[in-house]
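Data first, discussion second: the structure below is written as structure tokens.
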Amino acid sequence: RGLGDVYKRQICMRTSIGEAMKIIIVGCGNVGATLAEQLSKEKHDITVIDTRQQAVEAVTNVCDVMGIIGNGASFNAQTDAGIADADLMIAVTGSDELNLLCCLIAKKAGGCHTIARVSNPVYSREIGFIKEELGLSMIINPQLAAAREMARLLKFPSALKVDSFAKSRVELVNYRIEEDNPLCNMQLKDMGSRLHCDVLIAVVERGDEVYIPDGNFELKARDEISIVGTPAKTIEFFKKLGVPTSSARDALIVGGGRTSVYLAKQLLEMGIRVKIVERDEERCEELNEMVPKAMIICGDATDKDLLIEEGLLETEAFVATTNFDEENIMLALFAKSLSSAKLITKVHRISYDDIIDQLDVGSIIYPKFITSESIIKYVRAMKNSMGSNIETLYRLNDNRVEALEFLIKEGSPVVGIPLQDLRLKPKMLIGCITHKGKVTIPKGQSVIEVGDTVILVTTTTGLHDIRDALR
């Protein structure tokens, strides 16, 4: 094809040609490979481009995608990838400038939608200008997205994961039930009368099984539950369980990368004291300028005496954000052995996620998953021309559950029908309805109206529209 070898595998059969989008992904790193895998599972026609032959082969050997070895910013490479009839270009290389150039050329060559990964904090104040001037559909910053996730967790340390819907009016909180918790051996239908809290338990993970529970479901110790409710109602619920609900007062962050910078700025704005441990002296000087209100410690975090000296035993939050997964995991395990701090562990690779999830290293943050969730939400919304639209999408429980927020438009088949009369498919649950800014946990008599947003929780992944949930 004029660019060297082209690696191609048979593209999977499409259930409906109208549902398949032609998507070009530039960059076969962690984010690009994850996107290629997940979007190909959703039956889209994917082509990946990367200058590294080994990276291209690694993706094409696992996913049903086409691979091209070449520079994604090259017009010839994009032409070989089929930019003329592409629906979407996603540029997620390690270079912000290359990503923007890829999208600019794609916009001129094919007129398709474009998404660029832009991570450098230098551009953070200019994102709106860059997006508008280059005509980008979306800009995604994995480090900033990961930092926001971490900040939400430190605001509510008892949670394993916190996701926000309806412009932060609704939260979905993941929490593990311990042995002495009042929820142990309680049926869900009895929860309202015993605790008098207006929240909904939407998902239960028990061992290797994941359930969308009904009222007869009985909770057990070590269950991981996902709770839907407003922030105020959720805090009230946890207070009645005797679970701490106040945010951490201080945080010890290991690693001085971009994620740590974004996180430190957010925590300082929340009134949380921040220490950052970084071994590189030059980077420490940069950190002093970027986050002057944080305390910067120049030293090796693998030196356990240093961590203890800097307050590991007393800190309320410990965040491991180095570029090495193994180091982050070992540091979190060490912190767990000595302190009761809220643990957050950043993990880049997902090859051993099953093993990592079994380790007690607190909340695990996968930046590539956070990034792919945002992009997949956009991809589904692009193909959605029916009566509603995906506003927010989160993947839960090792991608086995999806929580989707739909904006209900005119013509949607769910409008005006009591929920008890809606013919929902199995393993689907409407978690809440937001009507004119007011959030309600729905009952059987609740009715969805035009303009409402609805949160749907399901183990049937890949929904594009609210009508996909109906029989």
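Could you pull out the pairs from 377/409; 377/427; 275/368; 41/427; 167/346 whose alpha carbons sit more than 23 Å apart here?
275/368; 167/346
Just going by the charge dipole of the chain, with Lys and Arg at +1 and Asp and Glu at -1 on Cβ, which of 447, 429, 128 is farthest out on the positive end?
Farthest along the dipole direction, towards plus: 447.
Could you size up the charge dipole of segment 20-85 around its Cα centre, putting +1 on the beta carbon of Lys and Arg and -1 on that of Asp and Glu, and report it in debye to the nearest 20? Could you put the intermediate results ahead of the total?
Values: 4 positive and 8 negative charges, 17 e Å.
Roughly 80 debye, rounded to the nearest 20.
Compute the signed sum of charges (Lys and Arg +1, Asp and Glu -1) over the other residues within less than 10 Å, Cβ to Cβ, of residue 211.
Values: positive: 206, 427; negative: 205, 209, 214, 223.
Computed value for this residue: -2.
Of the options 399, 378, 418, report the single residue whose Cα projects farthest towards the positive end of the charge dipole of segment 365-455 (beta-carbon charges: Lys, Arg +1; Asp, Glu -1).
399
Given +1 on the Cβ of Lys and Arg, -1 on the Cβ of Asp and Glu, and no further charges, what dipole in debye does segment 170-284 carry about its Cα centre, rounded to the nearest 20? If you can, show how the numbers build up before the last one.
Working: 16 positive and 20 negative charges, 84 e Å.
For segment 170-284, the charge dipole is close to 400 debye.
Assuming a viscosity of 1.002 mPa s and a temperature of 20 °C, what translational diffusion coefficient in µm² per second does Stokes-Einstein assign to the chain, Rh being the Kirkwood radius over Cα pairs?
90
Using the crude model of +1 on Lys and Arg Cβ and -1 on Asp and Glu Cβ, and no other charge, please compute the dipole size for the chain relative to its Cα centre, in debye to 20.
On the way: 56 positive and 66 negative charges, 323 e Å.
Here the size comes out at about 1560 debye.
Helix-only mean residue ellipticity at 222 nm, the chain, DSSP H runs n ≥ 4 weighted -39,500 (n - 2.57), per residue, nearest 500. What is it?
For the chain, the value works out to -9500 deg cm²/dmol.
When you count, for each residue, the other Cβ atoms within 10 Å and take the mean per peptide, how do 33-43, 251-261 rank with the highest first?
Packing order, densest peptide first, comes out as 251-261, 33-43.
Estimate the FRET efficiency between residue 195 and residue 326 by the formula 1/(1 + (r/R0)^6), using the beta-carbon distance for r and 45 Å for R0, to the nearest 0.05.
On the way: r = 41 Å, r/R0 = 0.92.
About 0.60, to the nearest 0.05.
Computing the accessible area with a 1.4 Å probe over protein heavy atoms, can you report the carbon and sulfur percentage for the chain? Present the calculation step by step, with values, prior to reporting the outcome.
On the way: 10210 of 21220 Å².
Answer for the chain: carbon and sulfur cover 48 percent of the accessible area.
Return one whole number: the accessible area per residue of the chain in Å², for a 1.4 Å probe. Could the numbers behind the result be given before it?
On the way: 21220 Å² over 471 residues.
That works out to 45 Å² for each residue.
Mind running the shape call on segment 254-393? Use the C-alpha gyration tensor, a ≥ b ≥ c as the square roots of the eigenvalues: rounded below 1.5 for a/c, prolate if a/b tops b/c, oblate otherwise.
Since a/c reaches 1.5 and a/b is larger than b/c, the shape of segment 254-393 is classed as prolate.
I need the peptides 212-218, 199-205 ranked by packing, meaning the mean over residues of other C-beta atoms within 10 angstrom, with the highest value on top.
199-205, 212-218
Could you work out how far apart the two model spin labels at residue 409 and residue 220 are, taking each label as a point 7 Å from the Cα in the direction of the beta carbon, and quote it in nm?
It is 4.5 nm.
Between residue 280 and residue 304, what is the label-point separation in nm under the 7 Å Cα-to-beta-carbon projection?
If labels sit at residue 304 and residue 280, their model points lie 2.8 nm apart.
Taking 8 Å as the Cα distance limit and 6 or more residues as the minimum spacing, I'd like the relative contact order of the chain as a percentage.
Relative contact order here is 10 percent.
Rounded, prolate or oblate: pick one for segment 148-187, where a ≥ b ≥ c are the square roots of the eigenvalues of its C-alpha gyration tensor, a/c under 1.5 means rounded, and failing that, prolate if a/b is larger than b/c, else oblate.
The shape class here is oblate.
The values are calculated or read from the model by the stated rules, or taken from the named source; none is laboratory data. Source: prediction; values computed, not measured. Methodologically, a virtual Cβ is constructed for each residue, glycine included, from the backbone with ideal geometry; neighbour enumeration extends over all protein chains shown. Each accessible area value is taken on the protein alone, full model and side chains, heavy atoms only, with ligands, DNA and RNA left out. Shrake-Rupley method; radii C 1.70, N 1.55, O 1.52, S 1.80 Å.
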